[in-house]
Amino acid sequence: MHFFLALLPILIILVLMVGLRWGAARAGGAGYLSALLLALLYFGADVRLLAYAHTKATLLSLDVLLIIWAAFLLYRVADEAGAIRTIGLALPHLTADRGMQALIIGWVFASFLQGVGGFGVPVAVIAPLLVGLGFAPLQAVVIPSIGHGWAVTFGSLGSSFQALMASSGLPGEMLAPDSALFLGISAILVGFLVAHAAGGSRATFRLVTPVLILALVMGLTQYLVAVARLWNIAAFSGGMLGLLVGIPLARKYKGEAEEREALVLKSLAIALSGYVILIAITLAVQLVPGIGKFLGQVVIRLEFPELVSALGHLTPAGPGRSIPLFRHPGAILTYSSIIAFLIYKKAGLYQPNAAKRIIKGTIEKVMSSSVSIASMVAMAVIMEHVGMIEILAQGLANSMGMAFPLVAPWIGALGAFMTGSNTNSNVVFGALQVRTAELLNYQAALILAGQTAGAGLASVMAPTKIVVGASTAGMAGREGDVMRQLLVYTGLLVLLISVLTMASVLLENNNLWW
Amino acid sequence: MTIIKWLRKNTFQVHLIAFLLMITSSVLLYSAAERGDIPSMWLLVGFFITGNILVILVR
């Protein structure tokens, strides 16, 4: 009975989103209300506990939302200037080989877009581009959908990873290596699946070399950048380096040449400048101690007392999430957006009133996800404070036992499917995965790597994303076809993460890990 | 009925109001909890709940 009631808010979200097709914001609100009622009526919460839990939840939400808001702002700054279109139009110039086009545009460029933007942008931008190049609409949606999944966790300038840190309470240094390793390995399979979606088994075998080269470059770059504590630009750096390596590589697979407009390198350089600025500022803040120290002086931080529910669940005293206001990744993204805006403006790329459209577009786009994150984080924090997460973790540990590492990525995948995002899945399940890992004596970082990798890879088949992708490729009403094809590809990817998590746990427990 | 229709036609505005209700009430909840002001805590939790109910009413 305890277990079922503790599970109820999560079940409510699942049923409302998958069964009744509610949006994440509505379902999150219902999940929050059910968690609050259960906490008050059954799990022994008093109003003081709820008051502190709500404040903690808001700090966690702001930590994630600052990045989401600023990441979308930077994307809108570039998009309004036509920079995204310029980069997208430059890529088909490189090769007329269908398989190679799918790899460069549907995998590498999609990963780059996920790194800087996210929020369904890769599929929305690339699907029409691929249709224009002659791909079937179904292929045009499926290729970028699979192609960007491996870059979701460290994409959107690190917002999902930030959510993983916030919900688990573990530092990024501990979480980044395993997460980046699993996702880097999955990038190899992603490359082959993209080639398969574009041209079947023949294309898959023909493109073994470029797939391996690109996967190695992107996966290794993401890993090294994430391990260097620069997780907000890890996927973006992987995608950027993938483009730099992919461009000369694509020229080796030219295929049947077609007449196209001449590529204007100057326009391409200006289009990319906004993102080069982001790299420069991020590196300066992280690597120059004076700058980091100066910007890190203003910190939002609150102390919380020990809290005990009427059923005896204890939450120890301690600080909530600290937010260094001017050094936060969200602040760095905002500085980059302002400088990028000035560069694009100087280059004459904006129509009148561009700034107004950018700000209005950003606020309109992020509001719904802001509400859903605020509700879902509040739900998760309340559940944690009254011991509901503990009960779920105990139940999972008892029923799964040794097989839990195999299941952990599927829990993450389910969370991403039902909430539509890797970030939300990490928020809802992060603490549960940590507690279950602790009860079973598994290394939490490995289980969380499975959680976030499974969630990132499966987030591409969330109904909301499929609807956006299908509509941009002229496939509205045929979302079921997209879902069926993605189900097979995504299933294989999550299965890979499941095996990797289990193997890593076994190696770790037997001290065989290098 | 008319109010619900209005809410559904103005999704963005409703989300904005709901979000502001949630954020401001959470911030104020901390100081109410520090003071031990129980009626204020209930009132502010009520604001947070109202924000979520508004979101649920929007399609």
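The values are calculated or read from the model by the stated rules, or taken from the named source; none is laboratory data. As the structure is a prediction and not an experimental result, all values here were calculated from the model. Note: ideal-geometry Cβ built from the backbone for every residue, glycine included; neighbour counts use all protein chains shown.
Of the residues A:Leu89, A:Leu66, which is closer than 21 Å to A:Ser160 by Cα and either more than 14 Å from every other protein chain (Cβ to nearest Cβ) or surrounded by fewer than 24 Cβ atoms within 10 Å (Cβ to Cβ) (or both)? Checking each option against the conditions leaves just A:Leu66. Residues that are closer than 26 Å to A:Leu278 by Cβ, surrounded by fewer than 23 Cβ atoms within 10 Å (Cβ to Cβ), at pLDDT below 85 and not charged (D, E, K, R) do not occur anywhere in the range A:152-161. Looking only at residues in the range A:36-85 that are of a type in the set (Val, Ile, Thr) and modelled with pLDDT under 85, the one that is farthest from A:Pro324 (Cα to Cα) is A:Ile84.
Condition (residue is assigned to a helix (DSSP H, G or I), touching a residue at least 40 places away in the same chain (Cβ under 8 Å) and out of contact with any helix residue (DSSP H, G or I) (no Cβ under 6 Å at 6 or more places or on another chain)) applied to the range A:142-165: is it met by at least one residue? Looking for residues that are assigned to a helix (DSSP H, G or I), touching a residue at least 40 places away in the same chain (Cβ under 8 Å) and out of contact with any helix residue (DSSP H, G or I) (no Cβ under 6 Å at 6 or more places or on another chain), one finds none in the range A:142-165, hence no.
Filtered by the rule that a residue be of a type outside the set (Gly, Ala, Ser) and surrounded by fewer than 24 Cβ atoms within 10 Å (Cβ to Cβ), the range A:419-439 gives A:Val434, A:Arg435, A:Glu438, A:Leu439. Of all residues in the range B:5-16, which are more than 10 Å from chain A (Cβ to nearest Cβ) and either crowded, with 18+ Cβ neighbours inside 10 Å or under 16 Å from the mean Cα position of the chain (by Cα) (or both)? Hit for the range B:5-16 is B:Leu7, nothing else.
Here is a yes/no grid of residues against (1) without any contact (Cβ under 8 Å) to a residue 24 or more places away in the chain; (2) assigned to a loop (DSSP other than H, G, I, E, B); (3) small (Gly, Ala, Ser):
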{"residue": "A:Tyr52", "(1), (2), (3)": "no, no, no"}
{"residue": "A:Ala57", "(1), (2), (3)": "no, no, yes"}
{"residue": "A:Leu66", "(1), (2), (3)": "no, no, no"}
{"residue": "A:Tyr75", "(1), (2), (3)": "no, no, no"}
{"residue": "A:Asp79", "(1), (2), (3)": "yes, no, no"}
{"residue": "A:Gly88", "(1), (2), (3)": "no, no, yes"}
{"residue": "A:Gln101", "(1), (2), (3)": "no, no, no"}
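Take the range A:32-50 and flag every residue that is touching a residue at least 24 places away in the same chain (Cβ under 8 Å) and either more than 8 Å from every other protein chain (Cβ to nearest Cβ) or of a type in the set (Lys, Arg) (or both). Passing the criteria: A:Ser34, A:Ala35, A:Leu38, A:Ala39, A:Tyr42, A:Phe43, A:Gly44, A:Ala45, A:Asp46, A:Arg48, A:Leu49.
Residues B:Ser40, B:Ser26, B:Ser31: which one is out of contact with any strand residue (DSSP E or B) (no Cβ under 7 Å at 6 or more places or on another chain) and within 7 Å of another protein chain (Cβ to nearest Cβ)? Matching residue, one of B:Ser40, B:Ser26, B:Ser31: B:Ser26.
Residue selection: A:Ile373 fails the criterion of being surrounded by 24 or more Cβ atoms within 10 Å (Cβ to Cβ), part of a helix (DSSP H, G or I) and away from chain B (no Cβ under 14 Å). Within the range A:309-338, being in contact (Cβ under 8 Å) with a residue 40 or more places away in the chain and either within 19 Å of A:Ala57 (Cβ to Cβ) or assigned to a strand (DSSP E or B) (or both) holds for A:Ser309, A:His313, A:Thr315, A:Gly320, A:Arg321, A:Ile323, A:His328, A:Gly330. For the range A:426-436, check the following and say yes or no: at least one residue is farther than 25 Å from A:Leu36 by Cβ, over 15 Å from the mean Cα position of the chain (by Cα) and touching a residue at least 40 places away in the same chain (Cβ under 8 Å). No: the range A:426-436 contains no residue that is farther than 25 Å from A:Leu36 by Cβ, over 15 Å from the mean Cα position of the chain (by Cα) and touching a residue at least 40 places away in the same chain (Cβ under 8 Å). Return the residues of the range A:1-45 that are assigned to a loop (DSSP other than H, G, I, E, B) and surrounded by 16 or more Cβ atoms within 10 Å (Cβ to Cβ); say none if nothing qualifies. Of everything in the range A:1-45, those that are assigned to a loop (DSSP other than H, G, I, E, B) and surrounded by 16 or more Cβ atoms within 10 Å (Cβ to Cβ) turn out to be A:Trp22, A:Gly23, A:Tyr42, A:Phe43, A:Gly44, A:Ala45.
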